[in-house]
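*Asks:* Got a structure for you, questions after.
The values are calculated or read from the model by the stated rules, or taken from the named source; none is laboratory data. The structure presented is a predicted model; accordingly, all values stated were derived computationally and were not measured. Don't worry about glycine lacking a Cβ; one is built from the backbone with ideal geometry, like all the others, and counts go over all protein chains shown.
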Amino acid sequence: MSSDSFTPRHAWLPRWMTSEHPLPWLLPAGALMVVFGIFPLYKAIETSLYKRNAATRKMIFDPTHNWSKVFLDERVWNALLNTLFYTGVALLFQLVLGMLIALLLDSDRKGYGILRAMMTLPLVIPPAVTAMMFLLMLNGSFGVLSRGIIELGLLPPGFSILGNASTAMAGVLLAEIWQWTPFMVLIMLAGLRSLPKEPFEAAAIDGASAFQVFFKLTLPMMSKVIAIAVLIRGIDLLRAFDYVKVMTDSGPGTATETLTSYAGRIYFGNADFPYASTIALLTLVLVIMVSTLFMRIFKVKL
Amino acid sequence: MSFRDHDKKTFIADTARAYAERRISKRDFMKKMSLAGVGFSAFAAGLLGNTRPYRGNLGLLGTEALAQDASVTQWLKDVGAPFKGTKIRYTSEATPPTVVLDKLKNEFTEPTGIEVEIEIVPLEQVLAKATQDVQGQLGTYDLYYLDQSWVATFAQDTVDPVAYYKEKPDLAMPGFDFDDFSKPLVSGLAEYEGKWAGIPFDIPIFMLMYRKDILEKHGIAVPTSPAEFTAAIQKITEAEKANGMFGTGLQAKSGHYSLNCDWTQMVWNEGGSIFGADKKFKGNDEAGVAGLKLYQEWIKNAPPESLNSTWDGQFQMMAAGQCALVQSWDEFFPGLDADDSKVKGLWMPAKPLVGKPLRPLSEVGFGEIPNYAHQGGSILGLSKYSKNIDPAWLFMQWACSKDIMTRCTLLGGFAPMRISSFRDPRVKEKAVVGPGTTRHLEMVEWIIDNNIASEPDMPLWAGFSNNEIPVNLGKLLTGQDFNGDAKACMDTIAASIDAAVAESGL
């Protein structure tokens, strides 16, 4: 393209819009990052260094107050365990179910396309609405799921799944798994569909069984895809809030309290902004640690 | 209607809006939501919150009987003209008065030209928004909806309406009449350290409600004390459990303020208090523990879902015919008499249970008022940080005026704040079975005048009543901790609260 033809076409644009320097193009993203990422992080760190008196509303600089309190707070440890349990169980179910469903749907036969498209339906529902649906379906008095479980004789009549400390977490996980398993299915399907056909053809000629093909070929070849899916979901799960907030409000007692829901309660209920910021930062540290560890172990490169 | 023709999200949003605005019935709403695949009655329990049951008579809006007085419209025109084009904001829970006021606000906006934006959000978000606003003195909200448990926290952030009325005679609404507000409401709700923190706006209060038919069926007299109540609910549960009915229904959701409300009433009924005059937590003394033990017994005679229910769930239990005796919010009543109610006309109002002699005020701390009827009222406070303080003041006067408050009661059936509203012939006329009934209001007025109780007035109370107390109570009631030992639970709460009070220097 000659410079003659280039100049008139862009002449009406301001000069910075035609610049080849990267700065004008990076600036919007950079500004967004500063406003929505770096500044809130800085404020959270700064806030965590203060002690707030709820009676006088005064903020006193006391850098050790919240950071020592957070490690001595039994509810933090309970929330941490709940968060890890929630993440682990949800990931396990989503991964296994996701892979199984993806294997079932990995076909070019008629109608399978529609089935694959239907997998996206749960994902378009806002998590809070999903939580509300499950809250009602698990209602001990009239919930359809509760009724089903009771009819099967697994629970006594009227049993409140979400109102009982030993079963509430399972109830919340049910909603989480229902909504996000399709996400795993879609990622796994994308991975399965991109695998080369030759090794599978060779395995078929050699008379490999379906189990052998899955464990010796599919799974190893899918390891990177699985690792990325686990990483994405894992980070999300470590920040679990919506389902817990709507379905149990962290209860009964603290049976489903996660780090983020505890931070929310301290922030919104007690208005202790510095301590809530400290718990939120602790969650961030946890997410970074777990994801870094995971990436190292499974050699995930993003 | 074919769902194919609609974008799913738009359809859900439109349906939800139509239901929220009462343009479609609950049945239609459920039908449409099931079409959209969302599930059934998702919003019946109050999406993302626990809305207080409201089944009023919004259909009466715009009728001649409920038209605004011409003199009020003229006053609004005269006094509002300089503020034309301004916009005032306040955030509130979906309380019945707020829902009705949101519908009536055009009668203020049209003559004044002042726009009013009412953000209706769950209670905890109201608290969070107000807290952030006052911490930064932002003035984002011109008016605050303040629950009674937060009044002490926010009293320093509001303008005293009585003083402002005198200070700004040019903006004072003629005949506003502060003396018309029920005195116990003023002292128990609006006043803090001698100042009006706002104007009483809403007064849900505990009363006894009973199913006349069930009590007659079992030959049970209307209980008057906690002991009689306990015996009655045990008898009903035993006889009716197989039919899906329990003696009572509770709002015992762990970690929710509703559980705190139930618990405080149990403590007061046993002659106890939350705080002593020495500002120490007293829920773990003999009376406090006795109250909690009795509540544990009540739980056994309530639908198990009570442990995951707030006031909304409790109302649903009553409306669904799952319980026969409830001591809870009076404002459930109009909903129970709604046309689509399964129990229309079957519930009756009664005086609250009278327990042991009350602990004297001289022996309690932080302005707590032990009595037999817990109140969950709220006030409308004028923000000191508002950038539109005068237009907001005009709206506040209008919203809390005799005419509007009476009309809100007529449209909603909930208890009014003004003595004149109780006496209004239109209110008395509606004291019959039907939607938006006022047949419970005579009892409510008596309760307000004789039995109103109030939680402590202290800045830390909002946190205690939403976190430390209901979370630990939840652990006890659901078996997560304390092994059923009420004293151990109360001791844990006491240690936590006493430490926090000492640290704050109160």
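*Asks:* Kindly evaluate B:Ile469 against the criterion of being under 25 Å from A:Ile266 (Cβ atoms), touching a residue at least 60 places away in the same chain (Cβ under 8 Å), within 24 Å of the chain's Cα centre (by Cα) and within 14 Å of chain A (Cβ to nearest Cβ). Before you say what the answer is, go through the steps one by one.
*Replies:* On the way: under 25 Å from A:Ile266 (Cβ atoms): yes; touching a residue at least 60 places away in the same chain (Cβ under 8 Å): yes; within 24 Å of the chain's Cα centre (by Cα): yes; within 14 Å of chain A (Cβ to nearest Cβ): yes.
Yes; evaluated as a whole, the condition is true for this residue.
*Asks:* Testing B:Asp424 on (1) under 30 Å from B:Gly255 (Cα atoms); (2) touching a helix residue (DSSP H, G or I) at 6+ places or on another chain (Cβ under 6 Å); (3) of a type outside the set (S, T, N, Q), one condition comes back false. Which one is that?
*Replies:* (1)
*Asks:* While we're looking at this one, here's another question. Of the residues A:Phe200, A:Phe215, only one is without any contact (Cβ under 8 Å) to a residue 40 or more places away in the chain, within 16 Å of A:Ala102 (Cα to Cα) and surrounded by fewer than 18 Cβ atoms within 10 Å (Cβ to Cβ); which? First the steps, then the outcome.
*Replies:* Values: A:Phe200 fails: within 16 Å of A:Ala102 (Cα to Cα).
Within the list A:Phe200, A:Phe215, the selection yields A:Phe215.
*Asks:* Residue check: is A:Thr254 among the polar types (S, T, N, Q), over 16 Å from the mean Cα position of the chain (by Cα) and within 11 Å of chain B (Cβ to nearest Cβ)?
*Replies:* On the way: among the polar types (S, T, N, Q): yes; over 16 Å from the mean Cα position of the chain (by Cα): yes; within 11 Å of chain B (Cβ to nearest Cβ): yes.
In short, yes.
*Asks:* Right, here's the next one. Please count how many residues of region B:120-140 are in contact with an Asp or Glu (Cβ under 6 Å, 6 or more places away or on another chain) and within 17 Å of B:Asp202 (Cβ to Cβ). Break it down stepwise before answering.
*Replies:* Filtering region B:120-140 for residues in contact with an Asp or Glu (Cβ under 6 Å, 6 or more places away or on another chain) gives B:123, B:126, B:134, B:140.
In the following step, the residues that additionally are within 17 Å of B:Asp202 (Cβ to Cβ) were identified as B:123, B:126.
Here the count works out to 2.
*Asks:* Answer with yes or no whether A:Ala190 is within 24 Å of the chain's Cα centre (by Cα), assigned to a helix (DSSP H, G or I) and surrounded by fewer than 19 Cβ atoms within 10 Å (Cβ to Cβ). Write out each step before concluding.
*Replies:* Details: within 24 Å of the chain's Cα centre (by Cα): yes; assigned to a helix (DSSP H, G or I): yes; surrounded by fewer than 19 Cβ atoms within 10 Å (Cβ to Cβ): yes.
The answer is yes for A:Ala190.
*Asks:* In this structure, is B:Gly276 crowded, with 24+ Cβ neighbours inside 10 Å, within 23 Å of B:Asn451 (Cα to Cα), of a type in the set (Gly, Ala, Ser) and away from chain A (no Cβ under 14 Å)? Outline the logic, then answer.
*Replies:* Values: crowded, with 24+ Cβ neighbours inside 10 Å: no; within 23 Å of B:Asn451 (Cα to Cα): yes; of a type in the set (Gly, Ala, Ser): yes; away from chain A (no Cβ under 14 Å): yes.
The answer is no for B:Gly276.
*Asks:* How many residues, within region A:46-58, are surrounded by 16 or more Cβ atoms within 10 Å (Cβ to Cβ) and more than 27 Å from the chain's Cα centre (by Cα)?
*Replies:* Of region A:46-58, the ones surrounded by 16 or more Cβ atoms within 10 Å (Cβ to Cβ) are A:47-55.
With more than 27 Å from the chain's Cα centre (by Cα) added as a condition, the list becomes A:49-55.
Qualifying residue count for the region: 7.
*Asks:* Has region B:315-337 got any residue that is assigned to a helix (DSSP H, G or I), under 21 Å from B:Lys487 (Cβ atoms), in contact with a helix residue (DSSP H, G or I) (Cβ under 8 Å, 6 or more places away or on another chain) and of a type in the set (Phe, Trp, Tyr)?
*Replies:* We begin by selecting, within region B:315-337, every residue assigned to a helix (DSSP H, G or I); these are B:315-319, B:330-336.
Remaining after also requiring under 21 Å from B:Lys487 (Cβ atoms): none.
So far as region B:315-337 goes, no, none of its residues is assigned to a helix (DSSP H, G or I), under 21 Å from B:Lys487 (Cβ atoms), in contact with a helix residue (DSSP H, G or I) (Cβ under 8 Å, 6 or more places away or on another chain) and of a type in the set (Phe, Trp, Tyr).
*Asks:* Please enumerate the residues belonging to region A:98-132 that are within 24 Å of A:Ala227 (Cα to Cα), more than 14 Å from chain B (Cβ to nearest Cβ), at pLDDT below 90 and part of a helix (DSSP H, G or I).
*Replies:* The one that is within 24 Å of A:Ala227 (Cα to Cα), more than 14 Å from chain B (Cβ to nearest Cβ), at pLDDT below 90 and part of a helix (DSSP H, G or I): A:Arg116.
*Asks:* Let me ask something else. Restricting the search to region B:137-156, which residues are more than 24 Å from B:Val99 (Cβ to Cβ) and crowded, with 21+ Cβ neighbours inside 10 Å? First the steps, then the outcome.
*Replies:* So in region B:137-156, the residues more than 24 Å from B:Val99 (Cβ to Cβ) come out as B:137-139, B:152-153, B:155-156.
Answer for region B:137-156, where residues must be more than 24 Å from B:Val99 (Cβ to Cβ) and crowded, with 21+ Cβ neighbours inside 10 Å: B:Ala152, B:Thr153, B:Ala155.
*Asks:* How about region B:122-174: which of its residues are closer than 22 Å to A:Tyr267 by Cα, in contact with a helix residue (DSSP H, G or I) (Cβ under 7 Å, 6 or more places away or on another chain) and without any contact (Cβ under 8 Å) to a residue 40 or more places away in the chain?
*Replies:* Across region B:122-174, the qualifying residues are B:Ala128, B:Ala130.
*Asks:* Only residues that are in a helix (DSSP H, G or I) and surrounded by fewer than 18 Cβ atoms within 10 Å (Cβ to Cβ): list them for region B:446-491, please. Working first, answer last.
*Replies:* Looking only at region B:446-491, we keep the residues that are in a helix (DSSP H, G or I), and these are B:446-451, B:461-477, B:482-484, B:486-491.
Scanning region B:446-491 gives B:Trp446, B:Asp449, B:Asn450, B:Asn483, B:Gly484, B:Lys487, B:Ala488, B:Asp491.
*Asks:* State yes or no: is B:Ser254 touching a Gly at 6+ places or on another chain (Cβ under 8 Å), surrounded by fewer than 19 Cβ atoms within 10 Å (Cβ to Cβ) and small (Gly, Ala, Ser)? Can you show your working first?
*Replies:* Details: touching a Gly at 6+ places or on another chain (Cβ under 8 Å): yes; surrounded by fewer than 19 Cβ atoms within 10 Å (Cβ to Cβ): no; small (Gly, Ala, Ser): yes.
Criteria not met by B:Ser254.
*Asks:* Report those helices (runs of 4 or more DSSP H) wholly inside region B:380-425 carrying at least 2 residues which are buried (at least 23 other Cβ atoms within 10 Å of the Cβ).
*Replies:* Values: elements: B:389-399, B:402-412, B:419-423.
In region B:380-425, the matching helices (runs of 4 or more DSSP H) lie at B:389-399, B:402-412.
*Asks:* Of all strands (runs of 3 or more DSSP E) completely enclosed by region B:72-158, which ones contain at least 1 residues that are out of contact with any Gly (no Cβ under 9 Å at 6 or more places or on another chain)? Break it down stepwise before answering.
*Replies:* Values: elements: B:87-92, B:115-120, B:143-147.
Passing ranges, in order: B:87-92, B:115-120.
*Asks:* Does B:Ala494 count as within 11 Å of another protein chain (Cβ to nearest Cβ), surrounded by fewer than 21 Cβ atoms within 10 Å (Cβ to Cβ) and in a helix (DSSP H, G or I)? It would help to see each step written out before you state the result.
*Replies:* Working: within 11 Å of another protein chain (Cβ to nearest Cβ): no; surrounded by fewer than 21 Cβ atoms within 10 Å (Cβ to Cβ): yes; in a helix (DSSP H, G or I): yes.
Considered against the rule, which asks whether it is within 11 Å of another protein chain (Cβ to nearest Cβ), surrounded by fewer than 21 Cβ atoms within 10 Å (Cβ to Cβ) and in a helix (DSSP H, G or I), B:Ala494 comes out as no.
*Asks:* Considering only region B:223-247, state which residues are of a type outside the set (A, V, I, L, M, F, W, C) and either within 14 Å of chain A (Cβ to nearest Cβ) or at positive phi (or both). First the steps, then the outcome.
*Replies:* So the first thing to find is which residues in region B:223-247 are of a type outside the set (A, V, I, L, M, F, W, C), and the list is B:223-226, B:228, B:230, B:234-235, B:237-238, B:240-241, B:243-244, B:247.
Correct list: B:Thr237, B:Glu240, B:Lys241, B:Asn243, B:Gly244, B:Gly247.
*Asks:* What do you reckon, is A:Leu135 buried (at least 17 other Cβ atoms within 10 Å of the Cβ), in contact with a helix residue (DSSP H, G or I) (Cβ under 9 Å, 6 or more places away or on another chain) and at the interface with chain B (Cβ under 9 Å from one of its Cβ atoms)?
*Replies:* Numbers: buried (at least 17 other Cβ atoms within 10 Å of the Cβ): yes; in contact with a helix residue (DSSP H, G or I) (Cβ under 9 Å, 6 or more places away or on another chain): yes; at the interface with chain B (Cβ under 9 Å from one of its Cβ atoms): yes.
Answer is yes for this residue.
*Asks:* Being hydroxyl-bearing (Ser, Thr, Tyr), under 22 Å from B:Asp160 (Cβ atoms) and modelled with pLDDT of 95 or more is the filter here, so list the residues in region B:339-384 that pass it.
*Replies:* B:Ser383
*Asks:* Can you tell me how many residues in region B:123-136 are surrounded by fewer than 17 Cβ atoms within 10 Å (Cβ to Cβ) and facing chain A (nearest Cβ under 10 Å)? Please lay out each step first, then the result.
*Replies:* Taking region B:123-136 as the starting set, the residues that turn out to be surrounded by fewer than 17 Cβ atoms within 10 Å (Cβ to Cβ) are B:125, B:132, B:135-136.
Imposing the further condition that a residue be facing chain A (nearest Cβ under 10 Å) reduces the set to B:125, B:132, B:135.
Of the residues in region B:123-136, 3 are surrounded by fewer than 17 Cβ atoms within 10 Å (Cβ to Cβ) and facing chain A (nearest Cβ under 10 Å).
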